[in-house]
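Notes to accompany the following structure.
The values are calculated or read from the model by the stated rules, or taken from the named source; none is laboratory data. All values derive from a computational prediction rather than experimental measurement. Using ideal geometry, Cβ is built from the backbone for each residue, glycine included, and neighbour counts are taken over all protein chains shown. Ligands, DNA and RNA are excluded from the accessible area calculation, which covers all protein heavy atoms including side chains. Shrake-Rupley method; radii C 1.70, N 1.55, O 1.52, S 1.80 Å.
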Amino acid sequence: QVHLVESGGGLVQPGGSLRLSCAASESIPSIYVMGWYRQAPGKQREWVASIFSGGGTNYADSVKGRFTISRDNAKNTMYLQMNSLKLDDTAIYYCNLKILGNDYWGKGTLVTVSS
């Protein structure tokens, strides 16, 4: 059972930046997909970005060009660098790991974009 813990959320003004982290409790097997999802108040959870074990990345159109997903295999940690934040980016951000047919989720970290 892999445990995921997100951190780095907080309150930021529009146009600001935050970096989220997702730490895994153990080494991740060589084939996986990790990603970030978010859920805004009153809305369904939506996919934000993914990073594949081969290094490829994908982004939702709403964050493309503003967010960057990355990982540090030595630290078993994934990151989401969020720049040019908008009010609509306010949400709880969740880390997800897909390996060997299993789905693991963190408990989320709150990002609030407000002036």
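Can you list the aspartates and glutamates whose alpha carbon is less than 13 Å from that of LYS64, not counting same-chain residues fewer than 8 positions off?
Result set, ordered by chain and number: ASP89.
What list of ³J(HN,Hα) couplings, whole Hz, do you get for the stretch 64-74 from phi and the Karplus terms 6.51, -1.76, 1.60, once you set θ to phi - 60° and write x for glycine and proline?
Values per residue, Gly and Pro as x: 4, x, 10, 10, 9, 9, 8, 8, 10, 4, 5 Hz.
Place a label point 7 angstrom from the Cα of GLN39 along the Cα-to-Cβ direction, then list the residues of the stretch 72-115 whose backbone nitrogen is under 14 Å away.
The answer is 91-96, 105-111, whose backbone nitrogens lie closer than 14 Å to the label point.
What is the Rg over Rh value, at two decimals, for the chain, using alpha-carbon atoms and the Kirkwood definition of Rh?
0.95
Please get the size of the charge dipole for the stretch 17-115, origin at its Cα centre, with Cβ charges of +1 on Lys and Arg and -1 on Asp and Glu, quoted in debye to the nearest 20. Intermediate results must be reported in sequence, preceding the final value.
On the way: 11 positive and 7 negative charges, 24 e Å.
With only Lys, Arg, Asp and Glu charged at Cβ, the dipole is about 120 debye.
With the Cα gyration tensor of the stretch 60-115 giving a ≥ b ≥ c as the square roots of its eigenvalues, does the rule (a/c under 1.5 for rounded; else a/b larger than b/c for prolate; else oblate) give rounded, prolate or oblate?
In terms of gyration-tensor shape, prolate.
If each residue of separation counts as 0.36 nm, what is the full-extension length gain between ILE99 and GLN81 once their alpha-carbon separation is subtracted? Each step should come with its number before you reach the end.
Numbers: separation 18, 0.36 × 18 = 6.48 nm, distance 2.33 nm.
Taking ILE99 through GLN81 to full extension adds about 4.2 nm, to one decimal.
Run the numbers on the stretch 1-99 and let me know its relative contact order in percent, using alpha-carbon pairs under 8 Å that are six or more apart. Intermediate results must be reported in sequence, preceding the final value.
Details: 192 pairs, mean separation 35.8, N = 99.
Result for the stretch 1-99 is 36 percent.
Would you mind working out the accessible area per residue for the chain, using a 1.4 Å probe, and quoting it in Å²? Please list the in-between numbers first.
Values: 6210 Å² over 115 residues.
Solvent-accessible surface per residue comes out at 54 Å².
For the stretch 21-115, which whole percent of the accessible surface, found with a 1.4 angstrom probe, sits on carbon and sulfur atoms? Before the final figure, lay out the partial values.
Values: 2460 of 5020 Å².
That share works out to 49 percent.
What number comes out for the charge environment of ILE92, summing +1 per Lys or Arg and -1 per Asp or Glu over other residues with Cβ under 11 Å away?
Values: positive: ARG38, LYS43, ARG45, LYS107; negative: GLU6.
Once positives and negatives cancel, what remains is +3.
What is the gain in length, in nm to one decimal, between THR112 and TRP47 on full extension, counting 0.36 nm per residue of separation less the C-alpha to C-alpha distance?
On the way: separation 65, 0.36 × 65 = 23.40 nm, distance 1.76 nm.
Difference between extended and current length: 21.6 nm.
Work out how much length SER62 to SER25 would gain on full extension: take 0.36 nm times their residue separation and subtract the Cα-Cα distance, in nm to one decimal. Please report the intermediate quantities before stating the final value.
On the way: separation 37, 0.36 × 37 = 13.32 nm, distance 3.01 nm.
Going from the current span to full extension adds 10.3 nm.
Considering only C-alpha atoms, what is the centroid distance from the stretch 1-66 to the stretch 76-100, in Å?
3 Å
In the neighborhood of TYR79, defined by Cβ-to-Cβ distances under 13 Å, what is the net charge if each Lys or Arg adds +1 and each Asp or Glu adds -1?
Details: positive: ARG19, ARG71, LYS75; negative: GLU6, ASP72.
Overall, the nearby charge balance is +1.
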